[in-house]
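Peer 1: Encoded as structure tokens, here's the structure I'll be asking about.
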Amino acid sequence: MLVYSGNNLKKQVESLKQSAMALTGLNEVYERDFVDFIRKHCFGGEAQQIYIVCGMRATGKTFGLLQAVEDFNDTIYIRAQRDEPETGRDYIEYLRNVEQKNIIIDEYSWIKDNRDLSYYLWTLAENGKRVAITGTHSLALDYLENGELIHRAFRINVNLFTYEEFCRIYQKDYSTNSCIEFLKTGGIFKEYALNSFNDMTKYIQEAVIDDLAKFMKLSDAEAKAIVYDIMYLAVCDSSEEKIKYPQARKENAEYRAMLTNFGIDPTVEITPFKFKAASEILEKAEFIVKTYNIANTEEYRLHLVNPSLTYQMVSAVFNDISAERCLGKAFEACVVTFMSACTKTEDYIWYADMGQRIGKPELEVVIVNPDDHLVYLFDAKMEEGARLQQKSSLVSDELEGIFTGADIGGRYVICNTPTEKCGERNGKKVIFTRLDCDTLYDYRQFDDIYERLSDGIDNTNVFAEASNEQQVTNSRECDIM
């Protein structure tokens, strides 16, 4: 184990800061969202809990913890080493004599026989210590809160690296160009930026496949086949017959060719049980988000939480589609995963597809509050000057008809509009907003937000016009605050 405290810890933090500034080209280091939460509730709070910081590699777990504890002098940072001789019992004996109040243990899953150590962490918390653990291989950490640390841990998953965080950390303006950069390379820090197919496969092997194989005791071939099956489903529509698992692996030549291109043997046998178990594990680990079709609950879609993985996967699977379409699919996935995080605890997130292949309405996000019988509709449009056609699914009477007994609480278009806007189409109020706006966190306050925007300065009409379309009323815009 490596141990840092006092001046040695300060030097370590400063070294990480200098590396971060070299990567960003900035003279200051900015924080991810979870850092302040850890600072206030773990190291600055009184709750007796073990904080588990989970996430794929290069999402800022270790650096974020050290940023959070930087202003607390009473801290020790312990970093386990791969294949070190120390076991969990050795760590317990060492921790018995630790005087510092704040304890960070990094690479926790590398500690051999750490079950007893996990139980002992609670003893430390009961004695007034503030303990946070993290590590590169995070799947084991994801399940500690259901095992040795049940009812005693607070898990923070940092895989969702939002567009707002991206712009703040790299000091980018909110614009179409920065959004494109985020979709292509965002979601992880720059030293692991995914700029190519080779970058993606290397990162997935190290960050996901190796971890899943170890956690589920799978062979590398099985873990690789499962992960890429899931990623393939995440960039296609799961309702398509040609990709339904497990028929696709056996019956579809195009799909088998794709697996071969990824270095996967299409003949590897994956049982439905293993596939389902792995899907649930990766969903809990927030590698993917699953949503169900509110128009047909037997259908579902998967979405990769990391935007650059989505972009690279789409580019690799669909060689014949344009870069614009790749970005569009990545943006849709980004909207779904972001809104999944924004969804209130008593609400449920779905999508709606009434048969888009035959011209029926389809929406990326539908949020339902069953208690209040309210439904909130969201459409994702990558374009900066996004416009809403009269026949748009968002304002479709046909789509509205499936929400029997419920009222539409609000309609939103999430796009790259320079300013938030509002207006009416087909007699239905709509708000245009961006991924970085507080509006999406406050989606339930639709009427208040719409009224605020309506009082703004009348400007560009955001609704597409046609000679036979009704006159649009109350279309205004207001600078985002």
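The values are calculated or read from the model by the stated rules, or taken from the named source; none is laboratory data. Not measured: the values here are computed from a predicted model. So basically every Cβ, Gly included, is an ideal-geometry build from the backbone, and we count neighbours across all protein chains shown. Protein only, heavy atoms only, side chains kept; ligands, DNA and RNA dropped before computing areas. Shrake-Rupley method; radii C 1.70, N 1.55, O 1.52, S 1.80 Å.
Peer 1: Rounded to the nearest 0.05, what FRET efficiency do residue 260 and residue 298 have when you use their Cβ-Cβ distance and R0 = 41 Å?
Peer 2: 0.85
Peer 1: Under the 0.36 nm per residue contour assumption, what length would be gained going from the current alpha-carbon distance of residue 268 and residue 173 to full extension?
Peer 2: 29.6 nm
Peer 1: Taking only Cα atoms, what is the 0 to 90° angle, nearest 10, from helix 323-342's long axis to the longest principal axis of the chain?
Peer 2: 70 degrees
Peer 1: With a cut-off of 8 Å between alpha carbons and a minimum separation of six or more residues, what is the relative contact order of the chain in percent?
Peer 2: Working: 841 pairs, mean separation 51.0, N = 481.
Computed over the chain, the figure is 11 percent.
Peer 1: Using a Förster radius of 25 Å, what is the FRET efficiency between residue 346 and residue 151 based on their Cβ-Cβ separation? Nearest 0.05, please.
Peer 2: Calculated transfer efficiency: 0.70.
Peer 1: Along region 40-46, what does the Karplus equation 6.51 cos²θ - 1.76 cosθ + 1.60 (θ = phi - 60°) give for ³J(HN,Hα), rounded to whole Hz, x for Gly and Pro?
Peer 2: Those phi angles translate into 6, 9, 8, 7, x, x, 10 Hz.
Peer 1: Let me ask you something else. What order do you get for 52-58, 136-142, 146-152 when each peptide is scored by the mean count of other beta carbon atoms within 10 Å, highest first?
Peer 2: In descending order of packing, they fall as 52-58, 136-142, 146-152.
Peer 1: Using only helices, what value at 222 nm comes out for the chain when you add -39,500 (n - 2.57) per DSSP H run of length 4 or more and divide by the total residues, to the nearest 500 deg cm²/dmol? Let's see the in-between values first.
Peer 2: Values: 18 runs with 177 residues, N = 481.
Mean residue ellipticity at 222 nm (helix-derived): -10500 deg cm²/dmol.
Peer 1: Here is a follow-up. Size of region 308-374 along its principal axes in angstrom, Cα-based, largest extent first?
Peer 2: Here the spans come out as 45, 30, 15 Å, largest first.
Peer 1: Quantify, in whole percent, the carbon and sulfur part of the accessible surface of the chain (1.4 Å probe; protein heavy atoms only).
Peer 2: Answer for the chain: carbon and sulfur cover 46 percent of the accessible area.
Peer 1: Here's a follow-up. If you line up the long axis of helix 115-126 against the longest principal axis of the chain, both from Cα atoms, how many degrees apart are they, to the nearest 10?
Peer 2: It works out to around 90 degrees.
Peer 1: Separate question: Taking every DSSP beta bridge with both residues inside the chain, roughly what % is antiparallel (nearest 5)?
Peer 2: Antiparallel bridges: around 45 percent, rounded to the nearest 5.
Peer 1: Which one, [x] 23.9, 80; [y] 22.8, 68; [z] 25.5, 97, gives Rg and Dmax of the Cα atoms in Å as derived from the coordinates shown?
Peer 2: [x]
Peer 1: In addition: Taking only C-alpha pairs under 8 Å that are 6+ residues apart, what is the relative contact order of region 44-114 in percent? Provide the component values of the computation, followed by the final result.
Peer 2: On the way: 56 pairs, mean separation 25.9, N = 71.
Here the relative contact order equals 37 percent.
Peer 1: Now a separate question. If you plug each phi of region 7-21 into the Karplus form 6.51 cos²θ - 1.76 cosθ + 1.60 with θ = phi - 60°, what whole-Hz ³J(HN,Hα) values come out, in order, with x for Gly and Pro?
Peer 2: My calculation for region 7-21 gives 5, 5, 5, 4, 5, 5, 5, 5, 5, 5, 4, 4, 5, 5, 5 Hz in order.
Peer 1: Give the calculated FRET efficiency between residue 8 and residue 94 to the nearest 0.05, with a Förster radius of 22 Å applied to their Cβ-Cβ distance.
Peer 2: The calculated FRET efficiency here is 0.85.
Peer 1: Given labels modelled 7 Å from the Cα in the Cβ direction, how far is it in nm from residue 71 to residue 448?
Peer 2: 2.8 nm
Peer 1: Additional query: Measure nothing but the geometry: give the 0 to 90° angle between the long axis through the Cα atoms of 307-317 and the longest principal axis through the Cα atoms of the chain, rounded to 10°.
Peer 2: Taking the Cα atoms of the chain, the angle to 307-317 is about 70 degrees.
Peer 1: If you roll a 1.4 Å probe over the heavy atoms of the protein chains, what accessible area per residue do you get for region 346-391, in Å²?
Peer 2: Counting only protein heavy atoms, the per-residue value for region 346-391 is 48 Å².
Peer 1: Could you work out the mean projected area of the convex hull around the alpha carbons of region 317-446, in square nanometres to one decimal?
Peer 2: 8.5 nm²
Peer 1: For region 1-156, what does the accessible surface come to per residue with a 1.4 Å probe? Please give it in Å².
Peer 2: Using a 1.4 Å probe on heavy atoms only, each residue of region 1-156 averages 46 Å².
Peer 1: Separate question: So for the pair residue 33, residue 384, with labels modelled 7 Å out along Cα→Cβ, what separation do we get in nm?
Peer 2: Going from the residue 33 label point to the residue 384 one covers 2.6 nm.
Peer 1: Then there's this: Between the alpha-carbon centers of region 388-428 and region 98-138, tell me the distance in whole angstrom.
Peer 2: That distance is 49 Å.
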